[in-house]
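A.B. asks: Take this structure first; my questions come after.
The values are calculated or read from the model by the stated rules, or taken from the named source; none is laboratory data. Given the structure is predicted, the values throughout are model-derived calculations rather than measurements. Cβ atoms come from the backbone with ideal geometry, glycine included; neighbour counts cover every protein chain shown. Protein only, heavy atoms only, side chains kept; ligands, DNA and RNA dropped before computing areas. Shrake-Rupley method; radii C 1.70, N 1.55, O 1.52, S 1.80 Å.
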Amino acid sequence: MSHHDESTAERGPQEIADLPKEKVARFDAALPEILKRYPTDHKEAAMLAALRRAQEIFDWLSPAAQKLVANRLGAAVTRAEEVATFYVMYHTRPVGRHVVEVCTNVSCSLAGGYDLFDHLRKSLDVDNGGTTKDGRITLRQVECLGSCGTAPAMLVDEEMHESLTPQSVERILGGLK
Amino acid sequence: MSETLILTRRWPKNDPSIDGYRADGGYRGLEKAIGMAPAAIVDEVKASNLRGRGGAGFPTGLKWTFLPKDVRPRYLCINADESEPGTFKDRYICEYDPHLLLEGISIACFALDIHLAYIYIRGEFAKQARSLEKAIEEARAAGIFGGPKLLGKADFDLQIHVVRGAGAYICGEESALMESVEGKKGYPRFKPPFPAIVGLWGKPTIINNVETLANVPWIVEHGAKAFADLGAGKTGGTRLFGVSGNVKRPGVYEKPAGYNLKKLIMEDCGGTASGRPVKAVIPGGSSSPVLRGDEIDVSLEPDAIKAAGTMSGSGGVIVMDDSVCMVRALARIAMFYAEESCGQFTPCRQGTPWMWKILEKIERGEGTLKDLALIEQLPGNIMGQTICALGDAAAMPVQSFVKKFRNEFVEHIEGKGCKHGETGWGVSRGSREALVGGNRHAVR
Ligand SMILES: Cc1cc2nc3c(=O)[nH]c(=O)nc-3n(C[C@H](O)[C@H](O)[C@H](O)COP(=O)(O)O)c2cc1C
Ligand code: SF4
Ligand code: FES
């Protein structure tokens, strides 16, 4: 991590025992369905899917959540860590209640994607990757979302929104509680 | 003569469910395939001149023959990562006609004696992943695959699963894709050995793009010759071209493989939305060398466009009119590759951010002629020096933009800024740190 002065809240729970029992139970209940897709001798292959599920349940991948996933897959904790930090859809720091990701790659920017991102940064008063003070929205710019023909595009909580206009963006963000 | 459509004929309105697909004649190719000798199917695909649609254009039938004869199990990975900027075609196959892909996969698996296939789809395509999951459920319930038999007739156990990525362009590279399916970070592997010999979990593995496999049912049903005849040169069939940027009608167009780029842009897409002249076209995804507006009268067939110094790669055509600053566009592309380098090896890990930073500096009007000389030299230091093709992919746009629009770079240096002004899109405003997102960089 590049931040040296993170608060305890930023660092999150450290050990599996620190995680809410009810959520751990939900994660455990979801595992068999995930494991079904892989040969029984390759349980670790479920790492990406298991981390995704853990993130859905725990909101972000704290060290404790990463340890839980590693533990259940019989993998080293460092394996969970390196996967969680490699892929940009995993959050290894706390995020807001909603994550808004605006594409600023070429085709989107030709259609106003960068301007949209810049506008949101100002109106929400956050920097790239930052979260609004009320904890409502984490904003960041992302790379091409495969929606270049319906640019500009953004993801809101992992759902794609395309052919954006200032009006549609306002409506979509307005609907986020 | 009406144009033959193979991939888009059911888009976007026909019922994507299995009933809709069958009502339109779906799964007839598989029906025919299970009555054929597996080797005959491979021969048919070879003779069809089907070439990979993921970017490299490798002959599909030939790739299939690389599997060693007696090693089992073998696997199939279907590449639905679709992350090359400007590319947006495979998602529509997954969304509008998922059974077409599943039929292609089933035929390929039957032909190659593969019993386990993974569709690796980028994490951002949640809707498309759901569409594929639903189609797999339907096909299983209908006894098409997933049980002891294919179509309830041929003894053949086949399992197809969807695996979702989690945000990493590099996982579209085939060896990184396999690492990711194995549950690891997407570090490309050294080659050789090639995946067909040592692939997923060390076993022989075929990796094909979504669009590539979606052509297979038609080839089996209508024959190799009909498919080859639709194309041009050594490339059979039609292709999906996704046109974006400054055009009147952006979107995906299915055209014969040898279609003319200028015709696609000026006629099918209606030219530029602004009515201004076309200044530049990136013809095959952001890694393909750029063409000037006066160079676009070329065939999109891979070998033909190669002669024009570029490639039709993933079929992603990005059009820019004369209001667009080439330095800014290139800086944004360079930022992408800097962001997406897996970071495993030095020339690419250090070279890609270096190129990006120099381009930003020139764009801001702070560059010197020395910077320009450096940016002309750096791509050459990366090309051919890297483990995977991302290095080349990052170097080619830099080389071509600077070569073809050199005067714009010089103008930025001599005029100490961009004459296109501060408005419009760009990468250079705001704090530098704000532009670097993503966890890959936080841990570097
Ligand atoms: C950096 C990089 C990214 C790639 N991304 C994709 C992709 O998103 N989709 C794809 O099908 N192929 C992609 N490829 C090409 C694959 O490595 C591979 O050639 C292709 O999936 C093979 O399938 P095909 O022969 O059917 O085209 C990428 C290659 C590189 C080097
Ligand atoms: S070329 Fe770049 S992306 Fe590819 S393996 Fe090397 S460092 Fe990774
Ligand atoms: S450039 Fe934004 S979706 Fe492709």
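A.B. asks: How about the stretch B:394-403: which of its residues are more than 16 Å from ligand 1 (Cβ to nearest atom) and open to solvent by less than 10 Å² (accessible area, probe 1.4 Å)?
C.D. replies: B:F401, B:V402
A.B. asks: Enumerate the strands (runs of 3 or more DSSP E) found wholly within the stretch B:158-253, keeping only those where 2 or more residues are within 27 Å of B:S299 (Cβ to Cβ). Explain how you work it out, then say what you get.
C.D. replies: On the way: elements: B:159-164, B:205-209, B:238-245.
Of the strands (runs of 3 or more DSSP E) lying wholly inside the stretch B:158-253, those with at least 2 residues that are within 27 Å of B:S299 (Cβ to Cβ) span B:205-209, B:238-245.
A.B. asks: Another question, then. Looking for whichever is in a helix (DSSP H, G or I) and in contact with a helix residue (DSSP H, G or I) (Cβ under 9 Å, 6 or more places away or on another chain) here; the options are B:I144, B:I93, B:I78, B:I119. Which one fits?
C.D. replies: B:I93
A.B. asks: Restricting attention to the stretch B:372-393, does a residue exist that is open to solvent by 20 Å² or more (accessible area, probe 1.4 Å), away from ligand 2 (no atom under 16 Å from the Cβ) and of a type in the set (A, V, I, L, M)?
C.D. replies: Yes - at least one qualifying residue is present in the stretch B:372-393.
Conditions (1) away from chain A (no Cβ under 14 Å); (2) within 16 Å of B:P38 (Cβ to Cβ); (3) within 16 Å of ligand 2 (Cβ to nearest atom), marked per residue:
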| position | (1), (2), (3) |
| --- | --- |
| B:R53 | yes, no, no |
| B:A56 | yes, no, yes |
| B:T60 | yes, yes, no |
| B:W64 | yes, yes, no |
| B:K69 | yes, yes, no |
| B:R72 | no, yes, no |
| B:E84 | no, no, yes |
| B:K89 | no, no, no |
| B:C94 | no, no, no |
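A.B. asks: Might you check whether a residue that is in a helix (DSSP H, G or I), within 14 Å of chain A (Cβ to nearest Cβ) and open to solvent by 30 Å² or more (accessible area, probe 1.4 Å) occurs anywhere in the stretch B:96-103?
C.D. replies: Going through the stretch B:96-103, the residues in a helix (DSSP H, G or I) turn out to be B:96, B:98-103.
This time we only want the ones that are within 14 Å of chain A (Cβ to nearest Cβ), so: B:96.
Next, only the ones that are open to solvent by 30 Å² or more (accessible area, probe 1.4 Å) stay: B:96.
Yes, that holds for at least one residue.
A.B. asks: Here is a follow-up. Here are the criteria: (1) in contact (Cβ under 8 Å) with a residue 60 or more places away in the chain; (2) out of contact with any helix residue (DSSP H, G or I) (no Cβ under 9 Å at 6 or more places or on another chain); (3) open to solvent by less than 10 Å² (accessible area, probe 1.4 Å). Tell me which single one B:G186 does not satisfy.
C.D. replies: Going through (1) in contact (Cβ under 8 Å) with a residue 60 or more places away in the chain; (2) out of contact with any helix residue (DSSP H, G or I) (no Cβ under 9 Å at 6 or more places or on another chain); (3) open to solvent by less than 10 Å² (accessible area, probe 1.4 Å) one by one, B:G186 breaks only (2).
A.B. asks: So, B:R122, is that one free of Cβ contacts under 8 Å to residues at least 24 places away in the same chain and on the phi < 0 side of the Ramachandran plot or not?
C.D. replies: no
A.B. asks: Taking helices (runs of 4 or more DSSP H) that fall entirely within the stretch A:1-96, which contain at least 3 residues that are over 25 Å from A:Q141 (Cα atoms)?
C.D. replies: Numbers: elements: A:8-11, A:21-35, A:47-58, A:63-73, A:77-86.
Fully inside the stretch A:1-96 and qualifying: A:21-35, A:63-73, A:77-86.
Yes/no matrix, rows are residues, columns are (1) open to solvent by 20 Å² or more (accessible area, probe 1.4 Å); (2) within 16 Å of ligand 3 (Cβ to nearest atom):
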| position | (1), (2) |
| --- | --- |
| B:S287 | no, yes |
| B:D297 | yes, no |
| B:M311 | yes, no |
| B:M326 | no, no |
| B:F345 | yes, no |
| B:M355 | no, no |
| B:E360 | no, no |
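A.B. asks: Check A:E143, A:E170, A:E159 and return the single one that is within 16 Å of ligand 2 (Cβ to nearest atom) and either open to solvent by 20 Å² or more (accessible area, probe 1.4 Å) or within 12 Å of another protein chain (Cβ to nearest Cβ) (or both).
C.D. replies: Only one candidate qualifies: A:E143.
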